[in-house]
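Below is one structure, written out as structure tokens, with a few remarks after it.
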Amino acid sequence: MLYEGKAKQLFSTDRPDEVRVYFKDDATAFNGEKKGTIQSKGVLNNSISTFFFELLKTHGIPSHFIKKIDDRNMLVKKLSIVPIEVVVRNIVAGSLSKRLGWEEGRKLSQSVVELYYKNDALGDPLINRSHAAALGIATSSQLDTLEELGTRVSDVLTKFLADKKLLLVDFKLEFGLYDGQILLGDEISPDTCRFWDSATNEKLDKDRFRRNLGNVEGAYQEIWRRLGGGN
Ligand code: TMP
């Protein structure tokens, strides 16, 4: 094992430029303060992330994804991680609602792109482009690429999910460098996105765990079902 995160483990492979991601059922919230497990989450997030990475590829958005190996394992390119989390928001929710006092559920007149410094000890603070430049964690042109890819991912997924009667409220992306190119990394799943049913606004994502709303596993299963998956 190379690394263990809150929801995944990374393993080396026979090839130095590829790693295996193992998706766990463990769930945390509030920077690890709340801990739990979500039955079958690892299996569902592996399938859901595979689906989204393949969809984005067909739209010319490059990621670390190589292939799904089995239920809980994915083969990916080994990235040198850019320590920035890119959050794209289309509807007000979560920390944006708290920070600006805006009502949850309000549609934003344009997408909001935020940068967070990926640093557990600091609790992943919100930063801006000049913080990122001063920290030396990304160049100006790399930041342009992160923001542009974030917006493109939002456009592709929002349109796709609308047909599945889902609203893409907001989501978090991570990126890394591979052969000098910026690739999308990490995962795209109900752990890292807010999905609401477009008819009822029912939450179908990790907010059910964060906010103790119940039926957490059912929400993840429902997302996979709407993407066309079985079980
Ligand atoms: P926030 O409203 O709590 O800032 O979350 C914005 C989006 O980012 C939401 O879709 C959940 C996702 N997210 C993560 O993937 N990891 C995190 O650690 C946090 C705080 C949010």
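Values quoted throughout were computed directly from the atomic coordinates according to the rules given, and no laboratory measurement underlies them. The structure presented is a predicted model; accordingly, all values stated were derived computationally and were not measured. Cβ coordinates were reconstructed from backbone atoms using ideal geometry, including for glycine residues, and neighbour counts include every protein chain displayed.
Overview of results
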item	result
Net charge of neighbours whose Cβ lies under 9 Å from the Cβ of residue 9, counting Lys and Arg as +1 and Asp and Glu as -1	+2
Positive-end extreme of charge dipole, the chain - chosen from 154, 58, 79 (charges on Cβ)	154
Nonlocal amide H pairs with residue 84, under 5 Å, H built at 1.01 Å	118, 175
In Å, descending, principal axis extents of the Cα set of the stretch 82-208	44, 32, 26
Environment charge at residue 180 (Cβ cut-off 15 Å; Lys +1, Arg +1, Asp -1, Glu -1)	0
Cα-based radius of gyration of the stretch 116-190 once divided by 2.2 N^0.38 Å, which approximates compact folds	1.24
Rg/Rh (Cα only; Kirkwood hydrodynamic radius) as it applies to the stretch 1-133	0.99
Over the stretch 151-207 - Rg/Rh using Cα atoms and the Kirkwood inverse-distance radius	1.06
Unsatisfied cross-links (Cα-Cα over 22 Å) in the set 67/203; 6/164; 98/118	67/203; 6/164
Rg ratio (alpha-carbon, reference 2.2 N^0.38 Å) - the stretch 72-157	1.22
Distance cut-off 30 Å, percentage of C-alpha pairs in the chain lying past it	19 percent
